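Please read the structure below before turning to the comments.
Computed from the coordinates by the stated procedures, all read-outs in this text should not be read as laboratory data. Since the model is a prediction, treat every value here as computed from it, not as a measurement. All Cβ positions, even for glycine, are placed from backbone atoms using ideal geometry, and neighbour counts span all protein chains on display.
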Amino acid sequence: MVDLDARLQNQEADSDAGASAQRGARRERLLDAEETQEAAHIIALRNQLPKQTKEPETIGLFGAHRRSFSDEYHLTRRSKIKRLHQIGKIAMQFDALKGLTPVKMRLMFEALGPTFVKVGQILSMRSEILPQSFCDELSKLRADADPMPYSIVLETLESEYHRPLSEVFSAIDPTPLGSASLAQVHRATLLSGEDVAVKVQRPGVRVTMAEDVSIMRSLARGATKIMHNAQVVDFQGVVEELWDTFDEETNFLNEARNLSEFKRFCDDFAYMDCPTPYIDLCTEHVLVMEYVEGIPIAHTRELIADGYSLNEIGTKLVDNYACQILDAGFFHADPHPGNIEIRGGQIVLLDLGMTGRLNASTRAALKQMLFAVAKQDSAGLADALLRFAGTETDHTDYPSLLADLDGIVEEFGTVNLQDLDLAQFLASLTQMARRHGIEIPSSITTVGRALVTLEGLLDKFIPNVNMIEIISEHIEHSKTKTQVVKDEAKQLALESHEALHGALKSLSEANVALHMLTRGELRANFELVGSQEPLQQLSDMVNRLTMALIVVGLFVGSSIVYFAGMKPIIFGIPVVGFLGYLAAFVLSCWIVIDIYLKGRERKRNRKHK
């Protein structure tokens, strides 16, 4: 800029005073062009500098400074109040205060934005929170949205790569392949010639989600305090599960890693595939992956015309899903029709932003549950559920748990596999487990949501394929005879080890008991399982009889005092007698009210059971 000013001064000093206005104007246009070019060069150099995305980490006398959730996403009380006002305005447009039908709730969630779309998708599998009709309607939620302008897409890409897009792509199609509330996908061509799909996150969507989650956290804390004694639903846990899902889905590097891992999983299956990610071009807000040009699984006529067998596609898809869930423990968590295409004889799964993981113990418990339902084994199903409770839980109401499981097994275990309502079965099992204080892991909830989505896809497009039957056959044939023998031997060795230690421990405890018996120090505690309610009723009866005797005594004693005419006297009755009558009247009313309230409570409990 200094050189440009010096040149300008020299040109002005050397110029002829009688130069025409036309020559002066031409020089000014030339100078403006040079200044603009120089300024653009400076801006380009500045954009190439690495951006500082985080504040420098500091340390003090009391440890490192940790940024709060609000600081990280620049949330203020004013911004949250503004967002809350916006939510309330949309809710009023749908007459939420007058009541919501399932369809109106779905439309309202779509209008509220990506956070509530995801809330609805999660609530669709939480029938302990909403009625089943609402869950069925919310399962139709999809995150489709109006396309964002192409100029914003280019600006986002340039800000992520810090260089001209011409150095990365030879062409970008301005028309999006798809537009969702979270991101938008465009087809592009790399300089090397490969066709790719570029997924670009909408600017500001993560901050909006953070604002919504912050508001939900405040509401959940308030609801937990109000419903502390009678809480059935873990509202705070639902909100945290929601944020974990957001946090994973809005970081596209996670999806790139998921694609790479799933690509390695597909290497063992000739009929399965997924897009190849270009890791070097992926950032937190941009995902570049192989462009897949196939036939969507929903286009059944086109598939049949190309010579594909729908039954074969459905069978292989379900069997591979059983491998993902029960064998690998890593599975695609959102298998809706838009995420599955057929290309070159392969089933290609798209959009691995939502995935689930199961550890070995959870997979073993899940298999045990499936076997128990198939065999109508309530005890085996109870043992599998109790494994989810963490350690070896000493369940105090085990007979009641078995009774509830008997009802579930009778309802679902006796029907044919093709008639099994998987969504209703999972909902009933989850509700029963929560009622008994058994917390089902969120990973199992994710499995249920994925299987219900897959079942809906099959029912609509490939109705002749039975998912539950294929999964059951996969479990039965997933192990060779050698593996079965090895597993049985291993299990027998573990059980023998536990039995031996248990026997030795029992002998040691028996020795201690005999020693205490000989010294007269042995004591025994007995508990009659299932006797709590009768004992409580007996205790109430004794208390009422005692209070009735006290009331009778007060009436008799007060009457004696009345006829004796003891002074002082009030209302023509001795004061001592008056107080006795008053106490007897109050206690009589208390007994009547207690009997009425306890009777209503017992009726309510019987109705719930």
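Mind giving me the nanometre distance, one decimal, between the label points for Gln537 and Ile90, set 7 Å out from Cα along Cα→Cβ?
5.3
What is the local net charge at Val168, summed over the other residues whose Cβ is closer than 13 Å to its Cβ (Lys, Arg +1; Asp, Glu -1)? Before the final figure, lay out the partial values.
Details: positive: Arg163; negative: Glu158, Glu160, Glu167, Glu194, Asp280.
Summing Lys and Arg as +1 and Asp and Glu as -1 gives -4.
Once both labels are modelled 7 Å past Cα along the beta-carbon direction, what's the Leu253-Glu240 spacing in nm?
Label-label distance for Leu253 and Glu240, simple model: 2.4 nm.
So between Arg600 and Asp406, what do we pick up on full extension, going 0.36 nm a residue minus the alpha carbon distance?
67.1 nm
When you count, for each residue, the other Cβ atoms within 10 Å and take the mean per peptide, how do 538-545, 291-298 rank with the highest first?
Final packing ranking: 291-298, 538-545.
What does the charge add up to near Met547, with Lys and Arg as +1, Asp and Glu as -1, over the other residues with Cβ less than 13 Å from its Cβ?
-1
Please sort by residue number the trypsin sites (Lys or Arg not before Pro) in segment 86-181 whose DSSP state is loop and whose Cβ has at most 10 other Cβ atoms within 10 Å. All intermediate terms of the calculation are to be shown ahead of the outcome.
Working: sites: Lys89, Lys98, Lys104, Arg106, Lys118, Arg126, Lys140, Arg142; in loops: Arg126, Lys140, Arg142.
In loop regions of segment 86-181 (DSSP not H, G, I, E or B), there are no sparsely surrounded trypsin sites (Lys or Arg not before Pro).
Quote the relative contact order of segment 286-375 in percent (integer), defining contacts as alpha-carbon pairs under 8 Å separated by 6+ residues.
RCO, segment 286-375: 29 percent.
Arranged from highest to lowest average of other beta-carbon atoms within 10 Å per residue, in what order do the peptides 303-309, 463-469, 108-114 appear?
For the peptides 303-309, 463-469, 108-114, the packing ranking is 108-114, 463-469, 303-309.
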